[in-house]
Every structure is written in structure tokens, then in C-alpha cells.
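See below for the structure under consideration.
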Amino acid sequence: MKITDARVIVSCPGRNFVTLKVMTDGGVYGLGDATLNGREKAVASCLEDHLLPSLIGRDPANIEDVWHYFYKGAYWKRGGVNMAAIAAVDTALWDIKGKVLGTPVYNLIGGRSRDRIMVYAHVTGGDAAETVDRVHEATAAGFRAVRIQSGIPGIDHTYGVPHGRAPYEPAEPGLPREYFWDSSRYLNFIPKLFARVRQACGDELHLLHDVHHRLTPVEAARLGRELEPFHPFWIEDPVSGELQEGLRLLRAHSVVPVAIGEVFNSVYDYTALISEQLIDFVRLPPAHGGGITHALKTAAFASIYHVQTGFHGATDISPVGLAAALHCDLALNNFGIQEYMPHQEVVREVFSWNYECRDGDMYLSDRPGLGVDIDETKAKKYPYRPASLPVNRKTDGTVSYW
Ligand code: EZ4
Ligand code: CO
């Protein structure tokens, strides 16, 4: 079998998605997600200008060889743009292999380790009272795990806390907006939020929280300690991921479980964090970390140290990327939990998929390959629209992490 053609489809049904479609002489094609929020065109160019010309003519069956050809052969290794492009190629080849063999991808990577995939829902309120109300709505809908985020008293507009019930998209049209941040107000508030939610919802519900990389290591240690009585399932990105040493300080002072890595792009970002057992969950999803091939490698390394997966699954991962994560979730022994933020309704016009969320669990059908398709005619109806993630400033104007 030979790869005959490959094209990049950039489409904006409600938000921008970059999808790779790889065609073969057998008539079978495969899809990969190449969406990198706010850097869509860079990944499209990486594919069109640099990877795809040397992909044409190769045998799609040789996934491991193609992966290493692009990873080791590039000379410039790693990087978000490069690894998202390699991920798209890799995922498309797994999709092709599944379709050719007539079996779902999870069957090619170990089969089912479970029947259903526990997901966590996003719960966000303007304040603590509204957050509690929305947690009740999520548990009524069957979710057993929720990520709680809330507006912070004294901070005007916080990233990740949308106004009202508008569909939440992490990027907004146009140039980056600027939001404000105040760690001291945040640290004073979050333990109170957890106390209220625990009191209202009892001990069983899994509570997660995303710090969005904003704290210094010692601030993160304080947060970890103060949240311990409410036994969170995890706190996510407590410090910026590039400071691996920061996790040592947090770990020395708190037993709060830690999830990290949605902005990572390879197993090498994790070597100290996993081998020193400084974290508990790996967030790097297949779509941003070299595809299914590299996600399996990262997960296998994590499993040796009893670290589990908790893949990123926000709406800027397309249905193709989410399906790739779900096939891994079903197959991996050290699966922990999967993030799930439903796509806007309009996304169904362009993509069709084979997963379904019921009562807080995700189920995958046994459709061969990934089980996701794209309608290219519909995709053309929604041309690319520039959108950006916001920039955070401290209340005195200093640019900060977020
Ligand atoms: O900020 O996906 O855990 N989820 C998140 C997301 C990310 C966006 C960035 O593109 O932190 O909301
Ligand atoms: Co996050």
C-alpha cells in the first residue's frame, strides 16, 4: 500500500480546527488532528511545506518507521508545532491501519482494559454559590467527577471563567485580550470554594481544579496543603510546567495529587517529573504529543511509576484528537480519567464521531479505525478566523503566567 496524497483542512465551525487527511492507493484514508490553539497556521505550514512532501509514496503500514523518520530526521526535535504536526500524521496512519484491518484502533494497541471511560465535566460559576448550583446540575446529569472553577472576588475577568452560559472557547476572535490576575486573592478564595462544594455535595464526588500554571512553587505548596482536607482528585498545572524543579517543592509539602502537561509536547518534558514521582497524572494528549505512538510510550513510562493518564480534552482538541485519546483511554491499564468539554453543536455539521457520553462515562463504538469522519464540503462553509488565547497581567500591569 502507498500514500498517494495528503491535505490539510482548516475549518472554523465555531472555532478553528486543523485536520489532516491522508489518502492511499487502496482508497482508504485516515484523519489526524493538527489543531494547536492560536497557532493553527503554523502547524498547517509545518505539514504542507515540510512533512507531507516526504510522506507521499510511503507505506502507511509502517507507523513506527514514519514516526521516527519525522521525529529524528527533522534535526530540530520537539516543540509544540512540530509535535502537533507529527501527531496528525501518526494518528492518520493508525486510522488507516484500523480501517484496513477492519478493527477499531483500541484493538490494535492492546484491546479493551475497561468498558467505559470516566470523564470529568467542566463546572464554572461566577462566584462560589453559582459554582455549587452548577455542580448540582452536573451530578444530576450523572457526572461523578467535576473540575470546579469560579470567578474570584476582587478579580474582574479571569481566564477560564466565561460570562453567563455562553459556550466557552479558550480562544477569542482577534488579537489577544488581556485578563487580570492576583495570586493572593486567588489563594484566599479557593480553599473556601472547595469547602462549600464539599459541604453541599458530600465526599463521593471527585473534585478537580485547574490552576493554569499561575502560582510560584511555594504558593502551590500552600494551596496543596490547604486543599488536602477536601481531598481533591487532582490540582492541575499548579506551577508552570517548564519549571520541573518547582514540583519538588510542592511535593515536599503536600500530598495533593498533581496533574501536569497539557502544554508539554513529548515524554522528555516528563522524565524528571515521572521518575522522581513528583506528579500523579499525565495531561499531554496524543494530539499535542506526537500522536498515538508517542502517547503510548509516555503512558508506558508513567505506568512504571504508578502515574496515570488524564488527557487534555478541551474543545480545541478536535473530535479526531478526542477520539485518538479515547482509544488510548480504553486500552491503557494506567488510564486515570479523561477531560471532556462537549464541542459546540455546529461542530456536528463538519465532523461525525463514534463516541458518546452517558452518565459521566464515555463509550466508544467498534467502528474500524478512529471512527471519526470529516465532511470537506461543509468544512469549506466555515473559513479560518484568527483567534487568540488571552494574555494575563497582574493587577499592577505586569505580564504574568496563566
Ligand atoms: O486552557 O485548551 O484543562 N484545560 C485547559 C484548557 C486550555 C485550553 C488552551 O488551548 O486548561 O481550557
Ligand atoms: Co488546563
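The values are calculated or read from the model by the stated rules, or taken from the named source; none is laboratory data. Computed from a predicted structure; not experimentally measured. FYI the Cβ positions are ideal-geometry reconstructions off the backbone, even for glycines, and counts take in every protein chain you see.
Annotation note: of Asp373, Asp359, Asp366, the sole residue that is surrounded by fewer than 20 Cβ atoms within 10 Å (Cβ to Cβ), of a type outside the set (Ser, Thr, Tyr) and under 22 Å from Arg7 (Cα atoms) is Asp373. If you go through the stretch 221-243 and keep only what is within 16 Å of ligand 1 (Cβ to nearest atom) and of a type in the set (Gly, Ala, Ser), you end up with Ser240, Gly241.
Is the stretch 392-401 home to any residue that is at positive phi, surrounded by fewer than 19 Cβ atoms within 10 Å (Cβ to Cβ) and out of contact with any Lys or Arg (no Cβ under 7 Å at 6 or more places or on another chain)? Break it down into steps so the answer makes sense when it comes.
Within the stretch 392-401, the subset at positive phi is 397.
If we keep only those that are surrounded by fewer than 19 Cβ atoms within 10 Å (Cβ to Cβ) too, we end up with 397.
Narrowing the set further to residues that are out of contact with any Lys or Arg (no Cβ under 7 Å at 6 or more places or on another chain) leaves 397.
Checking the stretch 392-401: at least one residue is at positive phi, surrounded by fewer than 19 Cβ atoms within 10 Å (Cβ to Cβ) and out of contact with any Lys or Arg (no Cβ under 7 Å at 6 or more places or on another chain).
A Cβ distance below 7 Å, combined with a sequence gap of six or more or placement on separate chains, defines the contacts here; from the stretch 230-246, residues that are farther than 16 Å from Ile274 by Cβ and hydroxyl-bearing (Ser, Thr, Tyr) reach residues that are part of a loop (DSSP other than H, G, I, E, B) and within 12 Å of ligand 1 (Cβ to nearest atom) in the pairs Ser240/His213.
Take the conditions (1) in contact with a helix residue (DSSP H, G or I) (Cβ under 6 Å, 6 or more places away or on another chain); (2) loosely packed, with under 15 Cβ neighbours inside 10 Å; (3) of a type in the set (S, T, N, Q); Gln244 misses just one of them, which is (2). The condition (being within 16 Å of ligand 1 (Cβ to nearest atom), buried (at least 19 other Cβ atoms within 10 Å of the Cβ), assigned to a helix (DSSP H, G or I) and modelled with pLDDT of 95 or more) is satisfied by just one residue among Ile190, Ile148: Ile190. Remark: pairs (first residue in the stretch 168-184, over 11 Å from His157 (Cβ atoms); second residue in a strand (DSSP E or B) and basic (Lys, Arg); Cβ separation under 7 Å; 6+ apart in sequence or on different chains) = Asp182/Lys394. Please indicate, with yes or no, whether at least one residue in the stretch 330-339 is part of a loop (DSSP other than H, G, I, E, B), farther than 24 Å from Ile86 by Cα, of a type outside the set (Gly, Ala, Ser) and within 16 Å of ligand 2 (Cβ to nearest atom). For the stretch 330-339, residues part of a loop (DSSP other than H, G, I, E, B), farther than 24 Å from Ile86 by Cα, of a type outside the set (Gly, Ala, Ser) and within 16 Å of ligand 2 (Cβ to nearest atom): present. Meeting the requirement of 2 or more residues that are charged (D, E, K, R), in contact with a strand residue (DSSP E or B) (Cβ under 7 Å, 6 or more places away or on another chain) and touching a residue at least 12 places away in the same chain (Cβ under 8 Å), the helices (runs of 4 or more DSSP H) wholly within the stretch 9-101 are 80-101. If only residues of the stretch 278-312 that are away from ligand 2 (no atom under 16 Å from the Cβ) and in contact (Cβ under 8 Å) with a residue 40 or more places away in the chain are counted, the one that is surrounded by the most Cβ atoms within 10 Å (Cβ to Cβ) is Pro286.
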